[in-house]
Protein chains: 2
Amino acid sequence: MASSGKKKATIYDLSVLSGSSPSTVSAVLNGTWQKRRIKESTAELIRSLAETHQYTANRQARGLRSSRSGLIGLLLPIHDNRYFSSMAQTFEAHVRSKGQCPIVVSASRDPDEERKTAETLISYSIDELFICGATDPDGVHEVCEAAGLKHINIDLPGSKVPSVISDNYEGGRMLTEAIIRRFEADRPLLPDELYLFGGRNDHASRERIRGFRAVKNELLGADPDECIQPTGYAPNNARLAFEAFYEKHGRLPRGLFVNSSINFEGLLRFMAGHPHENFADLVVGCYDYDPFASFLPFPVIMIRQDVEGMITKAFEVIEEARPQPRIHLIQPELVQPRTALTGPLDALKDIE
Amino acid sequence: MASSGKKKATIYDLSVLSGSSPSTVSAVLNGTWQKRRIKESTAELIRSLAETHQYTANRQARGLRSSRSGLIGLLLPIHDNRYFSSMAQTFEAHVRSKGQCPIVVSASRDPDEERKTAETLISYSIDELFICGATDPDGVHEVCEAAGLKHINIDLPGSKVPSVISDNYEGGRMLTEAIIRRFEADRPLLPDELYLFGGRNDHASRERIRGFRAVKNELLGADPDECIQPTGYAPNNARLAFEAFYEKHGRLPRGLFVNSSINFEGLLRFMAGHPHENFADLVVGCYDYDPFASFLPFPVIMIRQDVEGMITKAFEVIEEARPQPRIHLIQPELVQPRTALTGPLDALKDIE
DNA sequence: AGTTCTTGCACCATCGATTGTGCAAACAAG
DNA sequence: CTTGTTTGCACAATCGATGGTGCAAGAACT
């Protein structure tokens, strides 16, 4: 389809047309012409030829020669989630503003996939790699290291290069406290009425759980082990955990700390099978923000991670000369129920 | 950071190590060695050397020579939205299964951005481009055409190459009818109690509106013009429209057809400023599916577009020899309130 | 032994852009 | 008018992989 097109113009074509050498054309079009003392008039001629012939440089050729591609990679666990897709959206804006081209790829939380995907990106000579939410950041690190590729971790930390992550401990604390306070007015929550569901044995989950337990101890005076249910990230596993609890107790816990919006989807799947009224007394805290979730028929307190802040910080840190493998914490934000926040989309104009 | 790495091995390195010529190494490693009658033992040697030295081909070099990159592009309006991010997720899976590398980029619904972004992708010699939800598909077409790049439209149709889109007319009909039927039990809806908000003058909106009006006429016997409020896609514009209506009438219409989940966010923003109780009698139909929206405190009927179906069809059509610029309609699905559907994520394993 | 195949590989141009180097022409200085 | 400088550009190597072509050594055949 659409293969009628004449081949794209190259510097050689413009060289012939302008009567200059290819190197002159190249210099003019990539901005180094002053350094090469090309006459303004020559440059002007070449520029206008480039314009009329719709010349654009072949990036593969340029990249091959200069061993830089202009591509900056973002490795995500998944696309299909508001948190990660807003990560992609924000990342893209930053990369574009630097005049480079974003390449966003997901690796399904699979350590093997992650490494292979990094390999693939490297084979395209990407210039930098942002590793977001990787299950095995240090594994990806090795691949990058071997290729001499600048990289940085986001969302989940690694030990070899800097990491920019949410302050999950503080976030966990804030969210837990907000759930508990939500009850105080009437009948206060008991320690075994507040459960945490979702997440697995990763840094983020551990920190959130640590915050959760700390606050439970401080405010409720106890923190039973069985209230922690790390069911992984799959919605269906979370659903099964809720079903199991419901089966056993005839109801859900009154207070629920859900580790991510993906796990929250598991809760929805559970709820789909039960009447609304069963959840009258429920308060949910979710470690993620989704505008629709915020308006559900029970109070949903959410944490919005500062995606813009993380990305900005990550770009700062990755430019540093000798970045230390330390962890940079970014504060998340507590979002009260029924709150519709603006997001990266609001920066876009709506062309009607 | 991480720049200690020795440079990546090339076929020249392996050539020296193996005592064979670079072309032999190349042939062995890209699979054409049988055709070149390379001895099995030579191939074996080279393969093992490649293994131990972690050789991976430089794709820029390969792409430059063969004028194919192995990259397949997807041009989206935005990332930060369940519909488009599941598009990205699904697209990625398809591309990966073909052994190629997906490159997903967004262009903010801006015709100019769209063309420039396509240009950029072309400069990386991508092999195919999927144009999804473009404001000006034919503009992008011209850019692709000039570069001899295979491309196809998704979600919003163009006139120059094939398009794979939702059957928005049918979807609009289904959704409208579902909203109306939702009321019949008690007090039936009047024609001026069912409004459509959101969307702009694009093919999808027009078709949905056409379906909306047709069903209103059929079932309610009338279809006043003022019930159509195409406020564009920005959440805040939708919010303002709701505010304006509320200001004027002291309430919202009982039945609401919201053109997309993004517009729905505008409704949420409006609702954030008003007590829950104001919306007791409300039924919302939303042309998009979001699991959280499906469980809101008022009935939300949703349309789920068949993303998997569209992507699959698009891959079929783009491979055709001489694809005609026709429109392929994919049927969407009506989703009743309080329904938590599975999505592309459920295909992933959860490594605990 | 001489001729013809076949096997197994090496050589080299090529893709398009970048960049270090060289060198004529124009100009200035003495 | 000779010698040095500056201006303005051309030349050619290079990045890494691909693929057409050529050719020596051994096998097969007469």
Q.
Kindly evaluate B:L49 against the criterion of being away from DNA strand D (no atom under 11 Å from the Cβ), buried (at least 19 other Cβ atoms within 10 Å of the Cβ), more than 10 Å from every other protein chain (Cβ to nearest Cβ) and hydrophobic (A, V, I, L, M, F, W, C).
A. yes
Restricting attention to segment B:137-154, does a residue exist that is away from chain A (no Cβ under 14 Å) and either within 25 Å of B:D288 (Cβ to Cβ) or touching a helix residue (DSSP H, G or I) at 6+ places or on another chain (Cβ under 6 Å) (or both)? yes
Among (1) at pLDDT 95 or above; (2) exposed (fewer than 14 other Cβ atoms within 10 Å of the Cβ), A:C227 falls short only on (2)
Can we say A:M310 is under 23 Å from B:I78 (Cβ atoms), assigned to a strand (DSSP E or B), more than 9 Å from chain B (Cβ to nearest Cβ) and aliphatic (A, V, I, L, M)? no
If we ask which residues in segment B:322-346 are modelled with pLDDT under 90 and open to solvent by less than 90 Å² (accessible area, probe 1.4 Å), their number turns out to be 5
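Which residues, taken from segment B:183-201, are under 27 Å from the mean Cα position of the chain (by Cα) and open to solvent by 20 Å² or more (accessible area, probe 1.4 Å)? First the steps, then the outcome.
So the first thing to find is which residues in segment B:183-201 are under 27 Å from the mean Cα position of the chain (by Cα), and the list is B:195-201.
Those that are under 27 Å from the mean Cα position of the chain (by Cα) and open to solvent by 20 Å² or more (accessible area, probe 1.4 Å): B:R200, B:N201.
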Q | B:I72 vs. criteria more than 9 Å from DNA strand C (Cβ to nearest atom), open to solvent by 20 Å² or more (accessible area, probe 1.4 Å) and within 14 Å of chain A (Cβ to nearest Cβ) | A | no
| query | Looking at segment B:155-176, is at least one residue within 14 Å of another protein chain (Cβ to nearest Cβ), without any contact (Cβ under 8 Å) to a residue 40 or more places away in the chain and not charged (D, E, K, R)? | reply | no
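One line per residue, one yes/no per condition, for (1) in contact with a Leu (Cβ under 6 Å, 6 or more places away or on another chain); (2) among the basic types (K, R); (3) within 12 Å of DNA strand C (Cβ to nearest atom); (4) modelled with pLDDT of 95 or more:
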residue: B:A43; (1), (2), (3), (4): no, no, yes, yes
residue: B:Q54; (1), (2), (3), (4): no, no, no, no
residue: B:Q60; (1), (2), (3), (4): yes, no, yes, yes
residue: B:R68; (1), (2), (3), (4): no, yes, yes, no
If we ask which residues in segment B:283-298 are touching a Lys or Arg at 6+ places or on another chain (Cβ under 7 Å) and under 19 Å from A:T339 (Cα atoms), their number turns out to be 3
Of the residues in segment B:10-32 that are more than 7 Å from DNA strand D (Cβ to nearest atom) and open to solvent by 30 Å² or more (accessible area, probe 1.4 Å), the one that is nearest to B:C101 (Cα to Cα) is B:G31
A:Q54 meets each of (1) closer than 20 Å to B:T117 by Cβ; (2) surrounded by fewer than 20 Cβ atoms within 10 Å (Cβ to Cβ); (3) more than 7 Å from chain B (Cβ to nearest Cβ) with one exception, condition (3)
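With A:D112, A:D13 as the choices, which residue is farther than 30 Å from B:S159 by Cβ, within 11 Å of DNA strand C (Cβ to nearest atom) and either of a type outside the set (A, V, I, L, M) or not in a helix (DSSP H, G or I) (or both)?
Only one candidate passes the filter, namely A:D13.
I need a count of the residues in segment A:85-111 that are more than 7 Å from chain B (Cβ to nearest Cβ) and either farther than 19 Å from A:A234 by Cα or open to solvent by 10 Å² or more (accessible area, probe 1.4 Å) (or both). Steps first, please.
Quick first cut of segment A:85-111, residues more than 7 Å from chain B (Cβ to nearest Cβ) only: A:87, A:90-91, A:93-100, A:107, A:111.
This time we only want the ones that are either farther than 19 Å from A:A234 by Cα or open to solvent by 10 Å² or more (accessible area, probe 1.4 Å) (or both), so: A:87, A:90-91, A:93-100, A:111.
Total meeting the criteria: 12.
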In segment A:280-292, anything aromatic (F, W, Y) and open to solvent by 10 Å² or more (accessible area, probe 1.4 Å) is listed as A:Y289
Report yes if some residue within segment A:34-44 is more than 16 Å from DNA strand D (Cβ to nearest atom), open to solvent by 10 Å² or more (accessible area, probe 1.4 Å) and more than 10 Å from chain B (Cβ to nearest Cβ); otherwise report no. no
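The values are calculated or read from the model by the stated rules, or taken from the named source; none is laboratory data. Note that this is a predicted model, so its numbers are computed, not measured. No Cβ is skipped: glycine too gets one built from the backbone with ideal geometry, and neighbour counts run over all protein chains shown. All accessible areas refer to the heavy atoms of the entire protein, side chains included, with ligands and DNA or RNA removed. Shrake-Rupley method; radii C 1.70, N 1.55, O 1.52, S 1.80 Å.
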